[in-house]
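Here's the structure, in structure tokens; my notes come after.
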Amino acid sequence: MKAAVVVFPGSNCDEDCFQVLKNVAKVEVQYFWHKERNLPPTDLVVLPGGFSYGDYLRTGAIARFSPAMDSVIKHAQAGRPVIGICNGFQILLEAGLLPGAMLRNESLSFICKHVYLRTETSNSPFTREIKKGTVLNLPIAHGEGNYFCGPETLKRLQEEDRIAFRYSSEKGEGTREFNPNGSVDNIAGILNEERNVLGMMPHPERASEMILSSEDGKKIWESLLG
Amino acid sequence: MGVNGRKFKADVKVALKRSVLDPQGKTILAALHSLGFNEAKDLRAGKHFEITLEGRDKVSVETRVRQFCEKLLVNPVIEHYSFEVEELER
């Protein structure tokens with residue numbers, strides 16, 4: 001498998017993603033600078049976390065118009081996997097590759113801590129090696145991770161099994177008290193209709209080696225490797 | 001001055017929709033109350049853009065500003081907007 005990590009001005013998880021893909025997942029990986037137009041030959045595209053363009057206007061709103069995004073959108077439309085993590089998720093929302101929008105965290109605080117999430121579906125290239133109901137321990141680090149969508153979109157996400165992860169307790173209880181940021185229906189990650197685009201706020205790349213206290217994130221890379 | 005000739009100013013206001021919770025607005029309202037401004041009953045925080053632009057006439061400038069909003073300035077999932085255009089000089 002080959003992977004490309006898109007680098008925007010202000011990305012700050014690009015090197016973590018690169019490192020984990022190269023040394024943990026052991027795939028061929030390269031950076032893809034936001035000003036380039038032609039995506040190098042790749043199977044997976046990663047939109048990493050950070051503060052692209054300083055998060056000016058709205059998170060992801062300006063990155064979404066980077067030259068690189070045209071070929072990322074084409075890659076996604078061809079049915080090939082794209083994962084957006086944190087700011088990458090926000091960019092996918094602004095680009096319209098995923099439905100909904102991000103709001104400021106309900107508490108207005110930037111939240112940086114480990115949380116638990118329950119895997120809600122194995123039916124995606126990102127989660128096929130993770131049994132439904134499996135609880136993962138991954139860190140979040142965001143000020144705007146409060147996922148919002150209208151009731152009709154939410155109903156579709158639920159009915160089409162497109163909620164990939166929900167915030168939960170260590171035991172997998174998905175109640176409001178384990179929701180760190182106010183996201184509707186405890187949503188931590190969602191899939192597009194074709195199931196080849198995943199956006200998630202938690203950072204699997206920061207939890208793929210025990211030196212960082214959890215390697216639950218590895219399951220996502222393992223799923224992608226098939 | 002460019003080919004379009006006339007100069008305009010657009011004032012664009014963007015705010016979260018009523019159906020969307022605005023924790024920032026709520027916190028600012030609470031701060032007003034803590035200062036004793038208890039007559040403040042509701043507050044929604046938003047953004048304001050002042051744009052200077054050129055155009056043929058007011059109607060065509062308004063059409064363009066609407067495009068600015070819909071393409072970039074506003075996320076219609078969570079926000080609504082309004083704007084006013086005035087001519088700066090002739």
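Restricting attention to region A:91-111, does a residue exist that is away from chain B (no Cβ under 14 Å) and not in a loop (DSSP other than H, G, I, E, B)? No, region A:91-111 contains no residue that is away from chain B (no Cβ under 14 Å) and not in a loop (DSSP other than H, G, I, E, B). Do we have residue A:115 as within 25 Å of residue B:26 (Cβ to Cβ), more than 14 Å from chain B (Cβ to nearest Cβ) and in contact with a helix residue (DSSP H, G or I) (Cβ under 8 Å, 6 or more places away or on another chain) here? Considered against the rule, which asks whether it is within 25 Å of residue B:26 (Cβ to Cβ), more than 14 Å from chain B (Cβ to nearest Cβ) and in contact with a helix residue (DSSP H, G or I) (Cβ under 8 Å, 6 or more places away or on another chain), residue A:115 comes out as yes. Out of A:129, A:120, one residue alone is over 15 Å from the mean Cα position of the chain (by Cα), more than 20 Å from residue A:55 (Cβ to Cβ) and buried (at least 16 other Cβ atoms within 10 Å of the Cβ). It is A:129. State the number of residues belonging to region B:37-62 that are loosely packed, with under 11 Cβ neighbours inside 10 Å and either within 18 Å of residue A:96 (Cβ to Cβ) or away from chain A (no Cβ under 14 Å) (or both). Residues flagged as loosely packed, with under 11 Cβ neighbours inside 10 Å and either within 18 Å of residue A:96 (Cβ to Cβ) or away from chain A (no Cβ under 14 Å) (or both) within region B:37-62 amount to 8.
Only residues that are surrounded by fewer than 24 Cβ atoms within 10 Å (Cβ to Cβ) and either in a helix (DSSP H, G or I) or within 14 Å of another protein chain (Cβ to nearest Cβ) (or both) were counted in region A:187-209, giving 1. Just one of the listed residues (A:152, A:173, A:177) is on the phi < 0 side of the Ramachandran plot, more than 17 Å from the chain's Cα centre (by Cα), among the acidic types (Asp, Glu) and not in a helix (DSSP H, G or I), namely A:173.
Across region B:64-71, a minimum of one residue is classified as buried (at least 17 other Cβ atoms within 10 Å of the Cβ) and within 14 Å of chain A (Cβ to nearest Cβ).
For (1) charged (D, E, K, R); (2) within 13 Å of the chain's Cα centre (by Cα), each residue gets a yes or a no:
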{"site": "B:10", "(1), (2)": "no, yes"}
{"site": "B:14", "(1), (2)": "no, yes"}
{"site": "B:21", "(1), (2)": "no, no"}
{"site": "B:31", "(1), (2)": "no, no"}
{"site": "B:43", "(1), (2)": "no, no"}
{"site": "B:48", "(1), (2)": "no, yes"}
{"site": "B:57", "(1), (2)": "yes, no"}
{"site": "B:61", "(1), (2)": "no, no"}
{"site": "B:75", "(1), (2)": "no, yes"}
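All of (1) under 17 Å from residue A:3 (Cβ atoms); (2) in a loop (DSSP other than H, G, I, E, B); (3) in contact with a Gly (Cβ under 8 Å, 6 or more places away or on another chain) hold for residue A:88 with one exception: (2). Taken over region A:210-226, the criterion of being outside any helix (DSSP H, G or I) and either surrounded by 23 or more Cβ atoms within 10 Å (Cβ to Cβ) or at pLDDT 95 or above (or both) is satisfied by A:214, A:215, A:216, A:217. Summed over region A:37-66, the residues that are in a loop (DSSP other than H, G, I, E, B), within 14 Å of another protein chain (Cβ to nearest Cβ), of a type outside the set (Phe, Trp, Tyr) and surrounded by fewer than 23 Cβ atoms within 10 Å (Cβ to Cβ) give a count of 4. Screening residue A:28 on (1) more than 18 Å from the chain's Cα centre (by Cα); (2) in contact (Cβ under 8 Å) with a residue 40 or more places away in the chain shows it passes everything except condition (2).
Taking the condition of being aromatic (Phe, Trp, Tyr) and touching a strand residue (DSSP E or B) at 6+ places or on another chain (Cβ under 8 Å), how many residues in region A:52-73 meet it? Residues flagged as aromatic (Phe, Trp, Tyr) and touching a strand residue (DSSP E or B) at 6+ places or on another chain (Cβ under 8 Å) within region A:52-73 amount to 0.
The values are calculated or read from the model by the stated rules, or taken from the named source; none is laboratory data. All of these numbers come straight from a predicted model, not from anything done at the bench. Note that we place each Cβ from the backbone using ideal geometry, even for glycine, and neighbour counts take in every protein chain shown.
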